Amino acid sequence: MKLKNVGNRLKDDTLDLSLCDLEEVPVEEIANIRKVTYLDLSNNVLVALPNNFIILKQILKLDLSKNMLTEIPENFGEMTQLKYLDLYANQISRLPLSLSELKNLRWLDLKENPLTPAVASIAGPCSNAEECKNCARNVVEYLSNVKRSVEEERLRRLNAKSKNADASKDNGTSKKESKKKKKKKNADKEVEKNLNKNKSEMECEVSQNLEDKTDNLKEIINEENKKNYASAALCRILTSLFLWIVIFGIVLGALTIILPLYNKELSYKIVDYIEKHTGIFLKTYQRYGTELLQNKSQILMKWMNHAYKTINDIYNSYNLTNII
């Protein structure tokens, strides 16, 4: 389906072309609307983006979710101003290396796409805003590393072929030189052909290495979490044990020291029962504690009586002075 009057769907800086059953993107019409910075193409039937899509360089936020995209153009990385990219629920299995040029990308959603295990592991679940931010950073960094590795390998092979060709050139005649030049040219073409053929294989190897490193890191983190959980559990057990000992000490002190002041018979029965079943000699501690409590209580009563008498004398003296 093709849209007419695309500009009528513009509101402020947002061009909403969602739910329009679009089979292709009207790139030229969108490019003529200079003020567009947010382009919403979600919920259409797009299978691919045209190669000239990159002329929309003013776009900062792009929503391509819920389409049927199977790939992203190889030159997509030229949209260097892009900050937000939503590719949720498409059919994308691989990402172009040019995405490593999107240094301003701050938000990326790749969930519900048949990505390779390595890319899916790097991208993460993208279940919330923070994970989508991490996805953008990690995917750009990952693709930058892959691109750098591919370029280094390509240059290494080209240099090796060039050195071999130069060595052969120095040892031959003019006729041989022309033949070797031709061979060198053919070899370079063959190298380029092999590099293009093996590009995906090298990407898979690099991706597998990064995936192995990621798995090792996850195992280390899991082991650290288990150790921290065991330490926390031990601290909780020791704290609970200490609290129970304190509570038991308070209850035992109340039974052996305070209870005899109110009911000696009951207190002695309880102490006898505990001594009989535990072998702990409490009577001595009970007697000492009771005597100590009584002595302190008597001292406290004396001080209270003295204080009461002093206050009463002061009060009587004050009243007598007022009467006179």
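Quick notes
- Excluding same-chain neighbours fewer than eight residues apart, the aspartates and glutamates reachable from residue 302 by a Cα-Cα span under 19 Å are 291, 313.
- Three-way shape call for the stretch 1-126 based on the alpha-carbon gyration tensor, with the a/c threshold at 1.5: prolate
- Residue-wise HN-Hα couplings along the stretch 230-238, as the Karplus relation 6.51 cos²θ - 1.76 cosθ + 1.60 with θ = phi - 60° gives them from phi, are 5, 5, 5, 5, 5, 4, 5, 5, 5 Hz; Gly and Pro carry x.
- Which listed pairs, of 147/181; 103/147; 111/226; 2/133, have C-alpha distances above 22 Å, in listed order: 147/181; 111/226; 2/133
- Evaluating 6.51 cos²θ - 1.76 cosθ + 1.60 at θ = phi - 60° for every residue in the stretch 101-109, the Karplus couplings come out as 7, 7, 5, 8, 5, 10, 8, 9, 10 Hz, glycine and proline recorded as x.
The numbers here are math on the coordinates, done by the rules we state, and not lab data. Bear in mind the structure is a predicted one, so any value in this text is a computation, not a measurement.
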